[in-house]
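> I'd like to ask you about the structure that follows.
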Amino acid sequence: MSADATSLYDQAGDPKRGQLVFVAGDCSSCHASPGQSDRLKLGGGIALASPYGTFRAPNISSDPVDGIGAWTVKDLGNALLSGMSPNGSHYYPVFPYASFAHMSVADVVDLMAYLRTLPAVHGRAPPHELDPLFQIRRFVGFWKLLYFRPGEIKPDPAHDPQWNRGRYLVEALGHCDECHSSRDLFGGVKDKTRFAGGQDPVGTGFYPNITPARIGHWSQGEIAEMLKTGNTPDHGRVGSSMADVVINTSQLPQDDRDAIAAYIKALPARPTPKP
């Protein structure tokens, strides 16, 4: 990381901008305490099933002992941009830092400013329940060598500002390809299937293809409307985990939903992989 980027960690963040980063990143979808309705009580604990065992989302509330209240802004930056904990261990990539690593440092600073306004929640999440082989954290370092490509997404001058904003929201904050892609044996996204759909982690369902090969008949306005209301052009409604995503995207400014839709419309058409 450059010295200029590192110095940004010492600046005061804007919690209002941080709130937009929070909802665009779907933070509450994983980290809100289960069994209660307040999406801002970030005590963690939700079970995330996978072929490697069950992960538990951690407490990221402002509690200084059980949450991240004692973290510095740089600690949060290392987690999001490098997949590293304050004690220097690798986070498992069920935490989608492979996408968050494309965030700007400014957004990390703003996000921490917002997180510090939220209530402290006491209690730690239960430990992960993983197969013994996958309890060895140094294997995650090997995974990173294969799949982790950090670096802030910079505007592409060949495209307009709306497309560039949409790209940032989809590829970095929204981490859309983390679900809407297929994965290989080691859990890495198969590049040729990005956004073309993929089997859910436990093999009980299939995330849909969101490239023009599948939803090309949707207009940009219809995609933006789905992100606001959950309603699809065929008079249906999104379900499963996407319904939870819509709770978050509905809180974004309309310009951001329009930007996401513009970027999705511009994705290359890819065939849906077989389950």
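> Evaluate the charge dipole of the chain about its Cα centre and quote only its size in Debye, nearest 20, assuming +1 on the Cβ of each Lys and Arg and -1 on the Cβ of each Asp and Glu. Write down the numbers at each step before the final one.
Numbers: 26 positive and 28 negative charges, 109 e Å.
Using only the charged Cβ atoms, the result is roughly 520 debye.
> Then there's this: If the cut-off is a Cα-Cα distance under 18 Å, which lysines reach LYS228, setting aside same-chain residues fewer than 8 apart in sequence?
LYS265
> Moving on. How large is ³J(HN,Hα), in whole Hz, for each residue of segment 68-79 in order, when computed from phi with the Karplus curve 6.51 cos²θ - 1.76 cosθ + 1.60 and θ = phi - 60°, using x for Gly and Pro?
Per residue, the Karplus-derived 3J(HN,Hα) values read 10, x, 8, 6, 8, 4, 5, 4, 5, x, 5, 5 Hz.
> Just to be sure I understand, if you calculate volume of the Cα convex hull per residue in Å³ for this structure, which of (i) 112; (ii) 138; (iii) 165 do you get?
Looking at volume of the Cα convex hull per residue in Å³ for this model, the match is (ii).
> Give the peptides 148-159, 55-66, 78-89, 100-111 in descending order of average Cβ contacts within 10 Å, highest first. Write down the numbers at each step before the final one.
Values: 148-159: 12.2, 55-66: 19.4, 78-89: 16.9, 100-111: 22.1.
Ranked by mean Cβ neighbours within 10 Å, highest first: 100-111, 55-66, 78-89, 148-159.
> Distance from the Cα centre of segment 72-119 to that of segment 151-193, in angstrom?
18 Å
> Could you list CYS179, CYS27 so that the one with the fewest beta carbons within 10 Å of its beta carbon is first and the one with the most is last?
CYS179, CYS27
> Follow-up. What does the charge count around THR54 come to, taking other residues whose C-beta lies under 12 Å from its C-beta (Lys +1, Arg +1, Asp -1, Glu -1)? Write out the running numbers ahead of the final one.
Working: positive: ARG56; negative: GLU129, ASP131.
Its environment carries a net charge of -1.
> Of the listed pairs LYS154/LYS192; LYS74/LYS144; LYS154/LYS274, which have alpha-carbon separations greater than 24 Å here? Don't skip to the answer; put the middle values down first.
Numbers: LYS154/LYS192 22 Å; LYS74/LYS144 20 Å; LYS154/LYS274 33 Å.
With Cα atoms farther than 24 Å apart: LYS154/LYS274.
> Identify, among VAL105, ALA47, LEU145, the residue whose Cα sits farthest towards the positive end of the charge dipole of the chain, taking +1 on the Cβ of Lys and Arg and -1 on the Cβ of Asp and Glu, with the dipole about the Cα centre.
LEU145
> Which order results if HIS90, HIS122 are arranged by neighbouring Cβ count within 10 Å, fewest first?
Working: HIS90 19, HIS122 11.
Ranking HIS90, HIS122 by Cβ neighbours within 10 Å, fewest first, gives HIS122, HIS90.
> Springs between alpha-carbon pairs under 10 angstrom, Gaussian network model over the chain: which of PHE195, PHE142, PHE95 fluctuates most?
PHE142
Rule-based calculations on the coordinates, nothing more; no lab input. A quick note: this is a predicted structure, and the numbers were derived from the prediction, not measured. Because the Cβ atoms are built from the backbone with ideal geometry, glycine has one as well, and the counts that use them run over all protein chains shown.
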